[in-house]
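Enquirer: Let me begin by handing over the structure; questions about it come next.
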Amino acid sequence: KAGVTQTPRYLIKTRGQQVTLSCSPISGHRSVSWYQQTPGQGLQFLFEYFSETQRNKGNFPGRFSGRQFSNSRSEMNVSTLELGDSALYLCASSFATNEKLFFGSGTQLSVL
Amino acid sequence: DQQVKQNSPSLSVQEGRISILNCDYTNSMFDYFLWYKKYPAEGPTFLISISSIKDKNEDGRFTVFLNKSAKHLSLHIVPSQPGDSAVYFCAARWGGSQGNLIFGKGTKLSVKP
């Protein structure tokens with residue numbers, strides 16, 4: 001069974017630009033969660049989608065948004081990028097919701 | 001306010017000895033706890049979990065202990081191997097299946113040969 005796939009693997013953007021990250025969950029998984037990892041901050045929860053509906057949202061500004069498609073694939077968008085948005089963005093999927101997450105390798109975003 | 005705390009950013013252990021990673025939490029509503037391991041340039045991988053109705057769960061070399069009264073859990077790795085060198089994240093969840101996972105900041109374990 002293929003794991004969680006995130007694309008692209010690396011991304012370099014400049015301040016003010018916007019970016020879209022993609023996540024394909026494990027086949028059969030309907031829940032997709034997004035986390036931001038920065039040095040010294042651990043994994044901070046962004047949001048969770050289940051059956052195309054946002055179920056939970058973390059404490060991030062409105063510049064961070066996401067969506068989930070009918071095939072459970074998910075995208076995350078960050079608009080008006082700031083230097084502080086540089087981080088590893090991790091997507092995780094689960095069959096139900098958040099009981100045991102399976103993570104992708106992440107997208108390393110660098111904002112210059 | 002950090003609800004899940006891993007107060008030791010790093011830990012160094014000799015191969016063959018026991019590694020003990022600690023985690024404290026503040027929310028008494030948490031009912032499910034997990035440990036994840038993360039290697040550089042990879043996503044975290046699930047290691048072991050424990051429900052709040054138990055105080056111990058074992059899986060091979062890995063054992064998680066939960067002390068609800070102290071709001072503390074620990075991960076024991078016996079014996080430690082160099083391949084265990086990674087960052088370990090503690091995570092907790094509340095609200096049955098409705099809550100999202102809250103992660104600690106991680107502890108970097110180095111197992112020296």
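The values are calculated or read from the model by the stated rules, or taken from the named source; none is laboratory data. Note that the coordinates shown come from a computational prediction; the quantities given were computed from them, not determined experimentally. Because the Cβ atoms are built from the backbone with ideal geometry, glycine has one as well, and the counts that use them run over all protein chains shown. When the accessible area is computed, the model is the full protein with side chains, heavy atoms only, and any ligands, DNA or RNA have been set aside. Shrake-Rupley method; radii C 1.70, N 1.55, O 1.52, S 1.80 Å.
Enquirer: Report, in cubic angstrom per residue, the convex hull volume of the C-alpha atoms of the protein assembly as shown. Working shown, then result.
Expert: Numbers: hull volume 27.7 nm³, N = 225.
Spread over its residues, the Cα hull of the protein assembly as shown gives 123 Å³ apiece.
Enquirer: Note down the Stokes-Einstein diffusion coefficient of the stretch B:1-74 in µm²/s, whole number, using a Kirkwood radius over alpha carbon pairs, 25 °C, and 0.890 mPa s.
Expert: On the way: Rh = 13.5 Å.
Taking Rh from Cα pairs, D becomes 181 µm²/s.
Enquirer: If I take R0 = 25 Å and measure r between the Cβ atoms of A:GLN108 and B:SER10 in this structure, what FRET efficiency does the formula 1/(1 + (r/R0)^6) give, to the nearest 0.05? Write down the numbers at each step before the final one.
Expert: On the way: r = 22 Å, r/R0 = 0.89.
Computed FRET efficiency for A:GLN108 and B:SER10: 0.65.
Enquirer: Mind scanning B:LYS38/B:LYS108; A:LYS57/B:LYS108; B:LYS37/B:LYS71; B:LYS56/B:LYS108; A:LYS13/B:LYS38 and naming the pairs with a C-alpha gap bigger than 19 Å?
Expert: Working: B:LYS38/B:LYS108 9 Å; A:LYS57/B:LYS108 28 Å; B:LYS37/B:LYS71 21 Å; B:LYS56/B:LYS108 23 Å; A:LYS13/B:LYS38 26 Å.
Checking Cα-Cα distances, A:LYS57/B:LYS108; B:LYS37/B:LYS71; B:LYS56/B:LYS108; A:LYS13/B:LYS38 exceed 19 Å.
Enquirer: Also: If you bin every alpha carbon distance in the stretch A:17-76 into 10 Å steps from zero, what whole percent lands in each bin?
Expert: 23, 53, 22, 2
Enquirer: What whole-number value in Å² describes the accessible area per residue of the protein assembly as shown for a 1.4 Å probe? It would help to have the intermediate numbers written out before the result.
Expert: Numbers: 10530 Å² over 225 residues.
Computed with neighbouring chains in place, this is 47 Å² per residue.
Enquirer: Provide the FRET efficiency to the nearest 0.05 for the B:GLN81-B:SER51 pair, computing r from the beta carbons and using R0 = 30 Å.
Expert: Taking R0 as 30 Å, the efficiency between B:GLN81 and B:SER51 is 0.65.
Enquirer: Using the alpha carbons of the stretch A:1-51, what is the convex hull volume per residue in cubic angstrom, as a whole number? Intermediate values should be presented prior to the final figure.
Expert: Working: hull volume 5.9 nm³, N = 51.
With only Cα atoms used, the stretch A:1-51 gives 115 Å³ per residue.
Enquirer: For chain A, what ratio Rg/Rh do Cα atoms give with a Kirkwood hydrodynamic radius? Walk me through the numbers before you get to the answer.
Expert: Details: Rg = 13.0 Å, Rh = 13.8 Å.
So for chain A, dividing Rg by the Kirkwood Rh gives 0.94.
Enquirer: Given a cut-off of 21 Å, what percent of all Cα-Cα pairs of the stretch B:41-113 lie beyond it? Could you put the intermediate results ahead of the total?
Expert: On the way: 798 of 2628 pairs.
Distances greater than 21 Å cover 30 percent of the Cα pairs.
Enquirer: Further question on the same structure: At a probe radius of 1.4 Å, what is the per-residue accessible area of B:VAL87, in Å² to the nearest 10?
Expert: Probe radius 1.4 Å; accessible area of B:VAL87 about 40 Å².
Enquirer: While we're here: Based on the alpha-carbon set only, what is the convex hull volume of the stretch A:71-112 divided per residue, in Å³? Mind showing how you got there, number by number?
Expert: Details: hull volume 3.8 nm³, N = 42.
In the stretch A:71-112, the Cα hull volume divided by residue count equals 90 Å³.
Enquirer: Need the full-extension length gain, A:SER79 to A:LYS100, defined as separation in residues times 0.36 nm minus the C-alpha distance. One decimal, nm. Mind dumping the intermediate values first?
Expert: On the way: separation 21, 0.36 × 21 = 7.56 nm, distance 2.98 nm.
Using 0.36 nm per residue and subtracting the Cα-Cα distance, I get 4.6 nm.
Enquirer: Hey, another quick one. Round to the nearest 10 and report in Å² the accessible area of B:ILE20, as given by a 1.4 Å probe over the protein chains' heavy atoms.
Expert: 70
Enquirer: Give me a comma-separated list of calculated 3J(HN,Hα) values for the stretch A:81-93, in order, Karplus coefficients 6.51, -1.76, 1.60 applied at θ = phi - 60°, integers in Hz, x for any Gly or Pro.
Expert: Using θ = phi - 60°, the values come out as 4, 10, 4, x, 7, 4, 5, 9, 9, 10, 10, 9, 10 Hz.
Enquirer: Normalised radius of gyration for the stretch A:47-97, please: alpha carbon Rg relative to 2.2 N^0.38 Å, two decimal places. Walk me through the numbers before you get to the answer.
Expert: On the way: Rg = 11.7 Å, N = 51, 2.2 N^0.38 = 9.8 Å.
Dividing the Cα radius of gyration by 2.2 N^0.38 Å gives 1.20.
Enquirer: Next question, about the same structure. Using only the heavy atoms of the protein chains and a 1.4 Å probe, how would B:LYS56, B:LYS5 rank by accessible area, largest first? Numbers along the way, then the final one.
Expert: Numbers: B:LYS56 100, B:LYS5 70 Å².
Result, largest first: B:LYS56, B:LYS5.
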